[in-house]
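A.B. asks: My structure is below; once you've seen it, I'll send some questions.
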Amino acid sequence: MEFFRIHKTIPFMRNALILNLISAITFVLAVFFIVTRGFHLSIEFTGGTVMEVNYQQAAQLDEVRSSISALNYSDFQVQNFGTSRDVIIRLPVDKNMSSTQQSDTVMAALKKANPDAELRRVEFVGPQVGNELFSNGLKALAFVVIGIMIYLGIRFEWKFALACVVANLHDVVIILGFFAFFQWEFSLPVLAGVLAVLGYSVNESVVIMDRIRENFRKQRRASVRDVIDGAITQTISRTVITHASTQMMVLSMFFFGGPSLHNFALALTIGIWFGIYSSVFVAAAIAMWLGVKREDMIKAPKKEDPASEVIY
């Protein structure tokens, strides 16, 4: 489906060198901020107190957050658990208070706002569990990257596989760089968003590469640069429709999903825009510089062995 069709090929690869230099600088800065500033890890990774609170009626999450904020807590999480009447509260570690003292203080504030509040359970999550979650998340990220490289190597060719992996890592590192620079909270939903961006970027790259392979078959006399420019131009309508519709959904989560989905939607938004950029300018340009050619995309027909011919 096309809302518009571009009849003139756009020379995307004309400024590929300049744009990739900018990408390289951005990538290096992102790595620098990740190494020097680190991440503002959420309670899932650092540990803390977990409380389950039940209400007689549907819980007002904004009221719960206001009550906890009044206790000078800034880094905490409040969300529904199971039903609208059950609430999970995650509090950071307080060196001056035990987990029991924290829960008693919070429950006193909640009962003051709503006497129906009832404490169901209290748990303390140690930093060791958080470190295990963080390491498992990094392993998941590494396995996804390896799986993508194997898939693209089989689906297309090693030059495209390498170009795609570099472009996808470019997206992931830049997202992480944003979170490190601005010290936005890095939580499990954010990690899920990063993994989702990986798959999203791969999908965009596969669409463009598939069109490049198709154009190599049709445009036998065209240069590699012209084939790549033509492939990107032909898929630009699909790119606009797909990313615009996805961004509308993500923006609805960003503005109306509440604090629990805010950073998740933020990571997806950064990933969507940089995913478009990397698929068009980074992956395609790297494949071009690696020397992708028509012979890489189209396998030559096998020659029959003369010795195997039957002579009558």
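The values are calculated or read from the model by the stated rules, or taken from the named source; none is laboratory data. Being a predicted model, the structure only gives us computed values, none of them experimental. Please note: Cβ atoms are built from the backbone with ideal geometry, for glycine as well, and neighbour counts cover all protein chains shown. For accessibility, only protein heavy atoms count, side chains too; no ligands or nucleic acids. Shrake-Rupley method; radii C 1.70, N 1.55, O 1.52, S 1.80 Å.
Conditions (1) at pLDDT below 90; (2) within 15 Å of Val122 (Cβ to Cβ); (3) among the acidic types (Asp, Glu), marked per residue:
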position	(1), (2), (3)
Ala70	no, no, no
Tyr73	yes, no, no
Ser84	yes, no, no
Val93	yes, yes, no
Thr100	yes, yes, no
Met107	no, yes, no
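A.B. asks: Still on this structure, I have one more. Please determine, by comparing only the residues of the stretch 34-45 that are crowded, with 18+ Cβ neighbours inside 10 Å and in a helix (DSSP H, G or I), which one is modelled with the lowest pLDDT.
C.D. replies: Glu44
A.B. asks: From (1) of a type outside the set (Ser, Thr, Tyr); (2) in a helix (DSSP H, G or I); (3) touching an Asp or Glu at 6+ places or on another chain (Cβ under 9 Å), pick out the condition that doesn't hold for Asn80.
C.D. replies: Every condition holds for Asn80 apart from (2).
A.B. asks: Still on this structure: So which residues in the stretch 253-270 are within 14 Å of Asp171 (Cα to Cα) and hydrophobic (A, V, I, L, M, F, W, C), if there are any at all? If you could, list the steps in order and put the result at the bottom.
C.D. replies: Step one: filter the stretch 253-270 for residues within 14 Å of Asp171 (Cα to Cα), giving 266-270.
Once the filter is applied, which keeps residues that are within 14 Å of Asp171 (Cα to Cα) and hydrophobic (A, V, I, L, M, F, W, C), the stretch 253-270 yields Leu266, Ala267, Leu268, Ile270.
A.B. asks: So for the stretch 243-262 (the condition being buried (at least 17 other Cβ atoms within 10 Å of the Cβ), under 15 Å from the mean Cα position of the chain (by Cα) and in contact (Cβ under 8 Å) with a residue 60 or more places away in the chain), does at least one residue qualify?
C.D. replies: Yes, some residue in the stretch 243-262 is buried (at least 17 other Cβ atoms within 10 Å of the Cβ), under 15 Å from the mean Cα position of the chain (by Cα) and in contact (Cβ under 8 Å) with a residue 60 or more places away in the chain.
A.B. asks: Does the stretch 191-208 contain at least one residue that is open to solvent by 40 Å² or more (accessible area, probe 1.4 Å) and among the acidic types (Asp, Glu)?
C.D. replies: no
A.B. asks: Continuing with this model, one more query. Would you pick out the residues in the stretch 99-127 that are in a helix (DSSP H, G or I), of a type outside the set (Ser, Thr, Tyr) and out of contact with any strand residue (DSSP E or B) (no Cβ under 7 Å at 6 or more places or on another chain)?
C.D. replies: Once the filter is applied, which keeps residues that are in a helix (DSSP H, G or I), of a type outside the set (Ser, Thr, Tyr) and out of contact with any strand residue (DSSP E or B) (no Cβ under 7 Å at 6 or more places or on another chain), the stretch 99-127 yields Gln101, Asp104, Ala108, Ala109, Lys111, Lys112, Ala113, Pro127.
A.B. asks: Conditions first: (1) under 20 Å from Gly258 (Cβ atoms); (2) open to solvent by 70 Å² or more (accessible area, probe 1.4 Å). Asn72 passes all but one, so which condition is the exception?
C.D. replies: Failed condition: (1).
A.B. asks: Could you please find all residues in the stretch 244-283 being touching a Gly at 6+ places or on another chain (Cβ under 8 Å) and over 20 Å from Ser42 (Cα atoms)?
C.D. replies: Gly271
A.B. asks: State the number of residues belonging to the stretch 151-164 that are in a helix (DSSP H, G or I) and open to solvent by 10 Å² or more (accessible area, probe 1.4 Å).
C.D. replies: 7
A.B. asks: Now, a different point. Looking at the stretch 20-33, which of the residues that are under 18 Å from the mean Cα position of the chain (by Cα) and open to solvent by less than 30 Å² (accessible area, probe 1.4 Å) is farthest from Phe124 (Cα to Cα)?
C.D. replies: Restricting to residues being under 18 Å from the mean Cα position of the chain (by Cα) and open to solvent by less than 30 Å² (accessible area, probe 1.4 Å), the top hit is Ser23.
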